[in-house]
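These notes concern the structure reproduced below.
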Amino acid sequence: MAELEFVVNELGLKAIVMNTQIHLPHPDVVKEAPHLAQFSTAPISPAIDVGDRYDKVWARCVELEVAPSCHNSSRGRGSLNNSPTNYVHNSLGSFAKGSEFFAVRCSWAAYQNGSLTLKYAFLEGGPGWAAALYNSLFEYFEKRNLDALKRNLDPANSIST
């Protein structure tokens, strides 16, 4: 919080860059085989995977009118972009995947905690992932909103043969 206050109030910045993909050892591995924990990973996001620990940060970002941004790639142990021998394979699309990782979590966090007015920025990776995510969110809710679920899953509406 002190850094947020400093960069906005002292330096006059309008955006901040955050680590939006935190890699921790997988909790099941830590519990069952702690000696193997260093070889496991469970990527989490400060947007949704840490309970309410960041709610004050998001609220203060809204008050300060500053946009959190990410410049995280999705590569390394535990990611789909992980080749031990090919840097190009690991790099291609990794920033798009890193941005999408954070954007999906921001969408759910905003919905859950009411921070719908918070603006975010996503650096690098191109706009294609964002358009696909936007479409997916609309499609998901079109098929899975409460009215659609009642209509499509109510046994009374099923056709018997």
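The values are calculated or read from the model by the stated rules, or taken from the named source; none is laboratory data. Quick caveat, the model's predicted, so the values are computed rather than measured. So basically every Cβ, Gly included, is an ideal-geometry build from the backbone, and we count neighbours across all protein chains shown. Remember, those area values only see protein heavy atoms, side chains included, never the ligands or the DNA or RNA. Shrake-Rupley method; radii C 1.70, N 1.55, O 1.52, S 1.80 Å.
Table for the structure above
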read-out	value
Residue that is least open to solvent (accessible area, probe 1.4 Å), among those in the range 122-161 that are among the polar types (S, T, N, Q) and more than 30 Å from SER94 (Cα to Cα)	ASN145
Residue count for the range 28-46, restricted to those that are farther than 26 Å from LYS97 by Cβ and charged (D, E, K, R)	2
